[in-house]
Amino acid sequence: MPRAVRTTNHARPIRKARSGDIAGIQAILNAADNLDKLAAYPDETLLAAMSSKDSEIFVLETTDCRVGAFLWLTGLTSARGVKIEEFGAAEPGLGHGGSLFDAVLGDLWARYPGRPVWLAVAGDNAPAIAFYRRRGFRQTDLRSAVWHRRAGPVADAVIMESGSATPQLTPNESAVLVLLRGANAPMTAYQLLGRMQRNGGAVAPPTVYRALKGLEEAGVVQRIETLRAWAVVTSPVPGVMAICDDCGSVRSVEAPSLFESLHQRLAAEGFAEARQTIEVHGRCGDCAGGQA
């Protein structure tokens with residue numbers, strides 16, 4: 001039987017694709033506004049992918065039983081990691097693509113914890129790159145002038161990755177990451193500086209800030225704006241940072257649909273966002289329970 005995937009708050013059925021879905025998938029692949037349109041896929045290729053042990057295609061059904069979005073994964077048995085081969089929505093802006101993407105990737109990581117997932121996207125497709133960045137993907141490579149569309153200009157290909165892939169870190173970045181992983185709460189740059197100096201290092205503030213910048217760009221730490229401190233990234237899925245004002249703990253509460261809705265609202269206003277950060281201060285469950 002097709003594997004069912006946990007649905008999202010949009011309450012749209014998400015399931016593995018069947019042969020009857022091919023027409024809907026082809027309509028998305030061949031849409032006139034598909035900025036990343038590459039070579040056409042014969043129906044036979046899609047049928048083979050549906051039955052292969054190395055690939056899976058998922059669809060999100062609309063209320064009238066049409067294909068609202070699809071996501072094609074390949075490389076399920078590859079040491080390189082799982083590749084997002086193709087992904088798209090019939091009507092961009094309704095949230096169907098984001099709902100499908102978050103549900104399928106969440107299910108994938110539940111089955112294969114920490115498994116790397118990667119993709120290629122046209123370098124001039126800024127909305128798609130922003131979409132993936134909001135979900136924890138980071139650029140790992142840039143291949144010049146290799147994206148040959150069926151129509152339109154040739155573009156660079158941006159390679160993005162999320163999951164357990166470990167970036168190459170400098171000695172200072174590694175030292176800072178060890179301290180952050182061992183901390184019970186976020187640490188400021190000067191707290192990190194003090195710890196590194198006590199450990200015998202001749203370290204200056206610029207060294208710490210450069211290490212933090214490198215770790216942020218690698219996607220392994222994040223800045224807690226209201227605390228002017230840094231913490232280790234615990235999930236590739238966008239989350240609201242819940243900050244306890246009593247014990248200082250910080251927890252990321254996954255809320256990808258919230259970030260996607262915010263992105264769509266800002267885009268409708270013509271606002272070009274650079275990044276999204278939502279932080280909520282209060283009292284964590286342990287601290288609140290202790291004072292009950």
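The values are calculated or read from the model by the stated rules, or taken from the named source; none is laboratory data. Just so it is clear, the model here is predicted, and its values are computed rather than measured. Neighbour counts are summed over all protein chains in view; Cβ atoms, including those assigned to glycine, are modelled from backbone coordinates with ideal geometry.
If you check Asp102, Asp124 for being acidic (Asp, Glu) and more than 20 Å from Asn34 (Cβ to Cβ), only one passes: Asp102. Among the residues of region 173-188, the one identified as among the polar types (S, T, N, Q) and modelled with pLDDT of 90 or more is Thr188.
Applying a threshold of 6 Å to beta carbon distances and a minimum spacing of six or more residues, or different chains, the list of pairs starting in region 148-168 at a residue that is at positive phi and ending at one that is at pLDDT below 80 reads Gly163/Arg115.
In the set (1) modelled with pLDDT of 85 or more; (2) surrounded by 12 or more Cβ atoms within 10 Å (Cβ to Cβ), the condition left unmet by Glu225 is number (2).
Each residue in region 109-139 was checked for being assigned to a helix (DSSP H, G or I), modelled with pLDDT of 85 or more and under 20 Å from Ile57 (Cβ atoms), and 3 of them qualify.
In summary, Ser162 fulfils each of the numbered conditions (1) farther than 25 Å from Glu273 by Cα; (2) modelled with pLDDT under 85; (3) buried (at least 19 other Cβ atoms within 10 Å of the Cβ) with the single exception of condition (1). Please go through region 182-203 and give me each residue that is in contact (Cβ under 8 Å) with a residue 60 or more places away in the chain and either in contact with a Pro (Cβ under 6 Å, 6 or more places away or on another chain) or surrounded by 14 or more Cβ atoms within 10 Å (Cβ to Cβ) (or both), ordered by number. Of everything in region 182-203, those that are in contact (Cβ under 8 Å) with a residue 60 or more places away in the chain and either in contact with a Pro (Cβ under 6 Å, 6 or more places away or on another chain) or surrounded by 14 or more Cβ atoms within 10 Å (Cβ to Cβ) (or both) turn out to be Ala185, Pro186.
Is it the case that Val280 is more than 20 Å from the chain's Cα centre (by Cα), loosely packed, with under 15 Cβ neighbours inside 10 Å and not in a helix (DSSP H, G or I)? So Val280 fits the description; yes. Identify all residues within region 80-91 that are surrounded by fewer than 22 Cβ atoms within 10 Å (Cβ to Cβ) and not small (Gly, Ala, Ser); write none if there are none. Correct list: Arg80, Lys83, Glu85, Glu86, Glu91. When we screen Gly248, Gly270 for residues that are out of contact with any His (no Cβ under 6 Å at 6 or more places or on another chain), exposed (fewer than 14 other Cβ atoms within 10 Å of the Cβ) and not aliphatic (A, V, I, L, M), the only hit is Gly270. Against the condition assigned to a strand (DSSP E or B) and out of contact with any Cys (no Cβ under 6 Å at 6 or more places or on another chain), how does Val104 come out, does it pass? No, not satisfied. For region 33-79, a tally of residues being within 21 Å of Gly123 (Cβ to Cβ) and either of a type in the set (Asp, Glu) or loosely packed, with under 15 Cβ neighbours inside 10 Å (or both) returns 4. Of all the residues in region 204-218, those that are crowded, with 20+ Cβ neighbours inside 10 Å and either assigned by TED's automatic domain parsing to the domain that holds Gln139 or at pLDDT below 90 (or both) number 1. Scanning region 53-101 for residues that are in contact with a His (Cβ under 6 Å, 6 or more places away or on another chain) and in a helix (DSSP H, G or I) yields one hit, Ser99.
If you go through region 58-99 and keep only what is among the aliphatic types (A, V, I, L, M) and without any contact (Cβ under 8 Å) to a residue 12 or more places away in the chain, you end up with just Ala79.
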